[in-house]
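As structure tokens, the structure follows; a few thoughts come after it.
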Amino acid sequence: MKHFLSIHDVQDLGNLISSGIIAKRNPFADQLLGKNKTIGLLFFNSSLRTRLSTQKAAQNLGLNVLMMNVGQDSWGLELEEGEPGNPIVMNGDKAEHVKEAAAVIGRYCDIIAIRSFAELQDRDKDYAEQVFQQFKKYAGVPIVNLESATRHPLQSLADCITMEEFRTKPRPKVVLTWLPHFKPLPQAVANSFCEWMNHMDVELVVTHPEGYNLAPEFVGNAQVIYDQKKALEGADFVYGKNWSSYEHYGQVLALNESWIMDEAKMALTDNGKFMHCLPVRRNMKVADEVLDGPRSLVIDQAANRVWSAQAVLKEILIGQQEE
Ligand code: AN0
Ligand code: CP
């Protein structure tokens, strides 16, 4: 593996999931793999799980870790290239161009991992993934996605690992359900979850109020049902997430409070397990009774973020050895 920006960078998903499960059983088996190498973790946005789990995974592999909150600890980065005859004049609030910043960080680090969320203002701009494309172009080292505007693949891999551990049927029914939230959130986690589930042997159903359809390239072969209760019938895994509208880009169309996940809805499932990437707003998106009950996998899921990151960083380090 060179870069890890999406599932398209994964050669063998089954192997990658197994690698995470093996790392969980024996975390320090590869502690010499990253010796004397450095990973840089760049955060344009807040994080709890991604920051700590990626750092821990890197340390398990013997990597040194550099970490920076871009724009807060460092200079604001200009990402625009300009055109011939129409260069970018950096007379605004961005003091450094990504051309230099990415190249410099690439000299300090053997791998660069980046979190940069959707801004939810301009769909084409967000879906073009400029931050990642520019770092890929100018850093000269592998780039890892710690949640981009459109995807959160390390979360999706941790979700696959968690489902592998908890599934009781060869082909479980998996329901991605939209949850209510008053603030616009990105589509990245939902997009990525759908994209990865399309590569797993599951029956995938997506349910959300009308107006919240995800981009078709992420929905893939999933069945879309606008009736949440009908969608939940017989589910083995319920994956909750809020996202803002893709069609009316970045908008919260209506609060739809009735879409909250509670025990009465979980009772429609086939003894289904509840999953959420966290952070979650209690009793806004999900009732206490679900989060605190025996059906919730949210802590196991977050714990598996270490093993998903470790599996990916291991593949990248092995790739570098083979170069
Ligand atoms: C982010 C999101 O929805 O993309 C990060 C989730 C891992 N969540 C929030 O901003 C609350
Ligand atoms: N699930 C997840 O990525 O959490 P953080 O935003 O806290 O990293």
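The values are calculated or read from the model by the stated rules, or taken from the named source; none is laboratory data. All values reported here derive from a predicted model rather than from experimental measurement. Quick reminder, even Gly has a Cβ in these numbers, built from the backbone with ideal geometry, and neighbours come from all protein chains shown. To get the accessible areas, we keep the full protein, side chains included, count just its heavy atoms, and leave off ligands, DNA and RNA. Shrake-Rupley method; radii C 1.70, N 1.55, O 1.52, S 1.80 Å.
In degrees between 0 and 90, to the nearest 10, how far off the longest principal axis of the chain does helix 188-197 point, with axes built from Cα atoms? Around 70 degrees separate the two axes. Extension gain, Gln11 to Asp270, is 90.0 nm, computed as 0.36 nm per intervening residue step minus the present C-alpha separation. Inter-part distance, the range 22-79 to the range 281-296, computed on C-alpha centroids, equals 30 Å.
Around the Cα centre of the chain, unit charges on the Cβ atoms of Lys, Arg, Asp and Glu (plus for the first two, minus for the last two) sum to a dipole of about 840 debye. Extension gain for Asn86-Gln251 works out to 56.1 nm (0.36 nm per residue, less the C-alpha to C-alpha distance).
Here Lys35 is the anchor, and the aspartates and glutamates within straight C-alpha reach of less than 20 Å, apart from those fewer than 8 places off in the same chain, are Asp110, Glu315, Glu322, Glu323. Summing Lys, Arg as +1 and Asp, Glu as -1, what charge do residues with Cβ under 11 Å from the Cβ of Ile7 carry, Ile7 excluded? Cβ neighbours under 11 Å give a net charge of -1. Of the GluC sites (Glu not before Pro) in the range 208-289, the ones in a loop by DSSP (not H, G, I, E or B) with at most 16 other beta carbons within 10 Å are Glu210, Glu233, Glu247. Estimated translational diffusion coefficient (Stokes-Einstein, Kirkwood radius over Cα pairs, 10 °C, 1.306 mPa s) of the chain: 78 µm² per second. The chymotrypsin sites (Phe, Trp or Tyr not before Pro) of the range 161-239 that meet both conditions, a loop assignment by DSSP and at most 12 other Cβ atoms within 10 Å of the site Cβ, are Phe182. Within the listed set Leu176, Leu120, Leu154, the residue fluctuating most in the Gaussian network model of the chain (springs between alpha-carbon atoms under 10 angstrom) is Leu120.
Once neighbouring chains are kept in place and the probe is 1.4 Å, which whole percent of the accessible area of the chain is contributed by carbon and sulfur? So the carbon and sulfur contribution to the accessible surface is 47 percent. Given springs between every Cα pair under 10 Å in a Gaussian network model of the chain, which of Gln11, Gln187, Gln59 has the largest fluctuation? Answer for the Gaussian network model of the chain: Gln11. Scan the chain and hand back the longest stretch that contains none of the trypsin sites (Lys or Arg not before Pro) lying in DSSP loops with at most 15 other Cβ atoms within 10 Å. Value returned for the longest uninterrupted segment is 36-280. Using the rule -39500 (n - 2.57) for each DSSP H run of four or more residues, divided by the residues of the chain, the 222 nm mean residue ellipticity is -10000 deg cm²/dmol. For the chain, the longest principal axis of the alpha carbon atoms and the long axis of helix 49-60 meet at an angle near 60°.
Here the gap between Leu278 and Glu233, fully extended at 0.36 nm per residue and compared with their Cα-Cα distance, gives a gain of 13.8 nm. When the pairs Lys99/Lys285; Lys125/Lys229; Lys94/Lys125; Lys94/Lys183 are compared against a 29 Å limit on Cα-Cα distance, Lys99/Lys285; Lys125/Lys229 fall above it. To test your reading of the geometry: what angle, between 0 and 90 degrees and rounded to tens, separates the Cα axis of helix 130-139 from the longest principal axis of the chain? Once rounded, the angle reads 40 degrees. In straight-distance terms, cross-link reach from Lys169 covers every one of the aspartates and glutamates whose alpha-carbon lies under 13 Å from its own, apart from those fewer than eight places away in the same chain; here that gives Asp201, Glu203, Asp236, Asp270.
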